[in-house]
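One structure is given below, encoded as structure tokens.
The values are calculated or read from the model by the stated rules, or taken from the named source; none is laboratory data. Treat the numbers as computed from the prediction; the structure is a model and nothing was measured. Neighbour counts are summed over all protein chains in view; Cβ atoms, including those assigned to glycine, are modelled from backbone coordinates with ideal geometry.
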Amino acid sequence: MSLLTPDSGLLFWMLLSFGTVVFVLAKFGFPVILKMVEERKAYIEESLLMAEKARTELDLVKSEGAQIVADARKSQQQILAEAAQLREKIIQDARTAAMTEADKVIEEAHVSIQQEKEEALRDIRKQVSSLSVQIAEKVMRSKLGEKDEQQRMIQRLLDEINISKS
Amino acid sequence: MNKFLNIVIVLLFAAFSLCYAAVNEHQVASEQANKEQLNVREFILEHISDSYEWHVTKIGEYPISIPLPVILYSSTSGWHVFLSLAFHHDAVYEGFTIAHEGKYKGKIIELQADGSEIRPFDISITKNVFSLLFSSLLLIIIILSVAKSYRRTGIGANKGFVAFMEMFIMNVNDDIIKPCVGKDYKRYAPYLLTVFFFIFINNILGLIPIFPGGANVTGNIAITFVLAVCTFLIVNFSGSKEYWREILWPDVPLWLKAPFPMMPLIELVGIFTKPFALMIRLFANMMAGHSIVLGLTALVFVTVSLGPVMNTSMTVVSVIFSIFISFVELLVAYIQAYIFTMLSAVFIGLARIEPHHKPLKTNGE
């Protein structure tokens, strides 16, 4: 029966040591460990949530970026088309302006050529007339050196005039 | 592994066939060896009960043992503190000696002048007390060092032993305490974890056959008594209104509780049987485990008288069985700590119930 009756000495020491163990471990041991593990668990959960959030945000940013790129491309095409149109128009304008200018220049050239031609003709005419007068003078001088000749000449001229009169 | 099993089986067969061969020898040898035979019952009881010195071994005729301090208070002569060496060879020291028979067998008694024996107040550091103090200190050091490493590393992951202890602690916390206590389990977790590791470390140290292990601490009723009382106090001090109502006025037909309170009486007894079962279960399991290991070891010495062939074969059997039982005991060391903690947690959980059904209507059916 001695096995079934608790010994008072052992009871005393058990109360003392178990009490100490419970006091120390329940105050400084297990709560610290449990708290740290709980904190770690909370930290991991929070990190996972944050990662999830960051991922959705990243997706959002990505789609926004794609939208921006698409928009930019669209406006680029628009701008290019506008530029092409503008270029065509400028070239067209320049061409018409150049044409009118050229026409004007040609017109002026024509006028001045006409004037110069007329002047030249007038000049030539003047020279020809003076030359023919000189030649005629010279011819006259040579031919009308003798007296009878002069008479004949005058006669003839008179005849001619008469003829034309008659 | 298969190879190992084959060897074991062959050895077992060899042992049993040798048993038959040895029968003749046995009859001759038994007569002369009777007086040398080991008293197995005494041998086991001596090892599983407490003692004032730590017996290690015996070399020849000289016992090797570690003396432990004896602390006594006698109502007549006051305090006495001395080493248990003083009791060698049945000596009487300062009027005290160790009783060999009677009511106080194995305990220190004070011899009175008139020849009667009384038991002094005895708080000696016995084998169990020493082992208890040692394991308590070890447990405190282990858990505090783990807690300290948490303070150092913060919430970062730990490695090695600390990580192992974390796994162990969180396993007990999450798989036993949390589901069994239920809501508000955090208040009770430190106590229940302490109980678990206290029982576990004492069980494990009890399995180590050499000093400072091998004492039958958790297989001693004083230890399990204190543990059960602690659980009893915590359970009943955390009892909710509903818990006490179910005990004192349970939902049973009126005649079971009205003139003679039969059900309340049964429930009241139940309050005490729960921790009582806890106390006896742990005590009996651990004591039985130690007894079986010792019994199997004693097989070697018991069969000495049966002749050398029988003795050799039984030694093989004994060692194999001892190894097997030691593995089982390793399992039991964990299981008993697990069961004690789980049942304590369940009792606490049951004591904290909320009203979960409407009171029965008493007008007839």
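Enumerate the pairs (first residue in the range B:273-290 and under 20 Å from B:PHE197 (Cβ atoms); second residue anywhere and among the charged types (D, E, K, R) and assigned to a helix (DSSP H, G or I)) with beta-carbon separation below 9 Å, excluding pairs fewer than 6 apart on the same chain, so at least 6 apart or on different chains.
B:MET286/B:GLU329; B:GLY289/B:GLU329
Hey, can you tell me all the residues within the range B:118-129 that are at the interface with chain A (Cβ under 9 Å from one of its Cβ atoms), assigned to a loop (DSSP other than H, G, I, E, B) and of a type outside the set (S, T, N, Q)?
Passing the criteria: B:ARG119, B:ILE123, B:ILE125.
Given the options B:MET310, B:MET263, name the one that is at pLDDT below 90, part of a helix (DSSP H, G or I), over 30 Å from B:SER240 (Cβ atoms) and among the hydrophobic types (A, V, I, L, M, F, W, C).
Unique residue meeting the criteria: B:MET310.
Give all pairs with beta carbons closer than 6 Å in which a residue from the range B:124-153 that is at positive phi meets a residue that is surrounded by 20 or more Cβ atoms within 10 Å (Cβ to Cβ) and among the hydrophobic types (A, V, I, L, M, F, W, C); count only pairs at least 6 apart in sequence or on separate chains.
That search, which allows pairs on different chains as well, returns nothing.
With the checklist (1) of a type in the set (Val, Ile, Thr); (2) closer than 29 Å to A:LEU11 by Cβ; (3) not in a helix (DSSP H, G or I) in hand, flag the one item B:VAL252 doesn't pass.
Just one mismatch for B:VAL252, condition (2).
Go through (1) outside any loop (DSSP other than H, G, I, E, B); (2) more than 10 Å from chain A (Cβ to nearest Cβ) and name the single condition B:GLY115 misses.
So the condition that B:GLY115 fails would be (1).
Being part of a helix (DSSP H, G or I) and within 26 Å of A:GLU39 (Cβ to Cβ) narrows it down to one residue among B:LEU192, B:LEU132; which is it?
Residue meeting the stated conditions: B:LEU192.
Taking the options B:THR76, B:THR57, name whichever one is in a loop (DSSP other than H, G, I, E, B), among the polar types (S, T, N, Q), more than 12 Å from chain A (Cβ to nearest Cβ) and loosely packed, with under 12 Cβ neighbours inside 10 Å.
Step by step, each of B:THR76, B:THR57 is checked, and only B:THR76 is in a loop (DSSP other than H, G, I, E, B), among the polar types (S, T, N, Q), more than 12 Å from chain A (Cβ to nearest Cβ) and loosely packed, with under 12 Cβ neighbours inside 10 Å.
At pLDDT below 85 and surrounded by fewer than 18 Cβ atoms within 10 Å (Cβ to Cβ): is that true of B:VAL304 in this structure?
Yes.
Restrict the check to the range B:338-358 and report whether at least one residue is under 18 Å from B:ILE44 (Cα atoms), hydrophobic (A, V, I, L, M, F, W, C), in a helix (DSSP H, G or I) and in contact with a Leu (Cβ under 9 Å, 6 or more places away or on another chain).
no
Does the range A:140-154 hold any residues that are surrounded by 11 or more Cβ atoms within 10 Å (Cβ to Cβ) and part of a helix (DSSP H, G or I), and which are they?
Correct list: A:MET140, A:LYS143, A:GLU149, A:GLN150, A:GLN151, A:ARG152, A:MET153, A:ILE154.
If only one of B:PHE260, B:PHE232 is among the aromatic types (Phe, Trp, Tyr) and farther than 30 Å from B:THR126 by Cα, which one is it?
Only one candidate passes the filter, namely B:PHE260.
With the requirement that a residue be within 14 Å of chain A (Cβ to nearest Cβ) and either in contact with a Pro (Cβ under 6 Å, 6 or more places away or on another chain) or assigned to a loop (DSSP other than H, G, I, E, B) (or both), what does the range B:80-107 give you?
Residues satisfying the conditions are B:SER84, B:ALA99, B:HIS100, B:GLU101, B:GLY102, B:LYS103, B:TYR104, B:LYS105, B:GLY106, B:LYS107.
In the range B:181-202, is there at least one residue being under 30 Å from B:ILE109 (Cβ atoms), more than 8 Å from every other protein chain (Cβ to nearest Cβ) and surrounded by 14 or more Cβ atoms within 10 Å (Cβ to Cβ)?
yes
Using the structure shown, decide if A:VAL22 is in contact with a helix residue (DSSP H, G or I) (Cβ under 9 Å, 6 or more places away or on another chain), assigned to a helix (DSSP H, G or I) and either away from chain B (no Cβ under 14 Å) or among the aliphatic types (A, V, I, L, M) (or both).
yes
Could you please tell me which pairs satisfy a Cβ distance under 8 Å, a separation of 6+ or placement on different chains, a first residue in the range A:100-121 that is modelled with pLDDT of 95 or more, and a second residue that is surrounded by 10 or more Cβ atoms within 10 Å (Cβ to Cβ) and not in a helix (DSSP H, G or I)?
Listed by first residue and then by second, the contacts come to nothing, as the list is empty.
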